[in-house]
1. Can you work out the Karplus-derived ³J(HN,Hα) for every residue in the stretch 228-242? Use 6.51 cos²θ - 1.76 cosθ + 1.60 with θ = phi - 60°, whole Hz, and x for glycine or proline.
2. Measure off 7 Å from each Cα along the Cα-to-Cβ vector at residue 221 and residue 192, then give the distance between these two points in nanometres to one decimal.
3. For residue 128, give me every one of the lysines with a C-alpha distance below 17 angstrom, ignoring sequence neighbours fewer than eight places off in its own chain.
4. Name the most mobile residue of 154, 76, 25, meaning the one with the largest mean-square fluctuation, in a Gaussian network model of the chain with Cα contacts below 10 Å.
5. Most mobile of 238, 28, 127 per a Gaussian network model of the chain (Cα springs, under 10 Å)?
6. In whole Hz, with x marking every Gly and Pro, tabulate ³J(HN,Hα) for the stretch 216-223 from phi via Karplus 6.51 cos²θ - 1.76 cosθ + 1.60, θ = phi - 60°.
7. Divide by every residue of the chain the summed helix terms, -39500 (n - 2.57) for each DSSP H run of at least 4, and state the resulting mean residue ellipticity at 222 nm, rounded to the nearest 500 deg cm²/dmol.
8. Would you please give the residues with an amide H less than 5 Å from that of residue 136, counting only those at least 5 places away or on a separate chain, with H modeled from the backbone geometry?
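A short reminder: the numbers here are calculations on the coordinates, not readings from a lab. The model shown is predicted, which means the values in this text are computed figures rather than measured ones. Because the Cβ atoms are built from the backbone with ideal geometry, glycine has one as well, and the counts that use them run over all protein chains shown.
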Amino acid sequence: MNKKLFLLLFLAGFCSYNFCAQENISALEIIQKADEKVRGKTNTSVMIMEIIRPTWKRSVSMKSWGRGMDFSMTYITAPAKDKGQVSMKRKTEMWNWMPSIGRMIKIPASMMSQGWMGSDYTNDDILKESSIVVDYKHKIISDENIDGHDTYKIELIPKEEAAVIWGKVYKWITKDEFIQIKSEYYDEDNDMVKSDFSYDFKTMDGRIIPTRIEIIPANEKGKKTVIKIVESKFDIELPESFFSQQQMKRIR
């Protein structure tokens with residue numbers, strides 16, 4: 001066998017192996033890879049959130065830090081009237097530090113459905129980020145092309161014992177980079193409540209991630225929340241002890 005023919009056969013076999021390996025990946029593994037892509041083991045980001053309503057628009061700038069799915073902290077840098085406010089998630093609890101009144105507030109269950117900072121991103125969304133991985137059964141239901149990207153369409157059905165608000169979730173995740181580019185969230189009556197879309201893929205700290213995410217409520221024309229990621233770093237030194245009430249009061 002000549003060298004050229006051997007090389008062609010080797011490459012064909014290698015590509016075939018990788019194709020099969022990719023095709024045999026489970027729905028849960030895809031969800032986990034998509035989550036790790038934007039989160040890493042730890043992360044820090046600079047972001048701008050625009051809350052858009054039919055008659056007004058509001059912009060909030062912030063810094064955030066995260067460790068896995070259980071720990072996150074967000075510091076508001078603008079506008080001036082909100083600057084210094086801090087939100088922290090620590091496992092099953094959420095806290096807000098309000099420097100203007102010098103109070104630390106634990107978010108009660110009755111406020112979980114409220115939008116964080118008045119946005120379409122709720123307190124429950126923040127608190128139960130890990131829920132998408134652990135509280136649902138995952139199934140690949142089709143392959144779809146979304147805006148030129150080949151994706152897995154994954155259906156998420158809550159487990160019987162799971163305390164979640166969604167009756168069903170669909171996610172579209174790219175096959176090449178495992179980037180979540182679209183999601184749909186349905187209530188128990190199978191009515192869509194909201195959807196989100198990811199755009200403007202860029203390389204940040206060695207990872208290709210979406211830098212613009214739009215959250216759009218269903219049947220509420222003119223309403224949406226846009227999150228723009230200005231900067232992100234991953235797998236930084238960030239101990240669990242960072243996420244404390246003491247740190248909330250002194251972080252800048």
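1. Per residue, the Karplus-derived 3J(HN,Hα) values read 10, 8, 8, 7, 9, 10, 10, 6, 8, 6, 8, x, 4, 5, 4 Hz.
2. Distance between the two pseudo-spin positions: 1.6 nm.
3. Leaving aside lysines fewer than 8 places away in the same chain, those within reach of residue 128 are 89, 91, 106, 137, 159, 168, 171, 194.
4. Of 154, 76, 25, the most mobile in the Gaussian network model is 25.
5. 238
6. Running phi through 6.51 cos²θ - 1.76 cosθ + 1.60 with θ = phi - 60° gives 10, x, 6, 6, 10, 4, x, 10 Hz.
7. On the way: 5 runs with 49 residues, N = 252.
That calculation yields -5500 deg cm²/dmol at 222 nm.
8. The list, which skips near neighbours in sequence, is 159.
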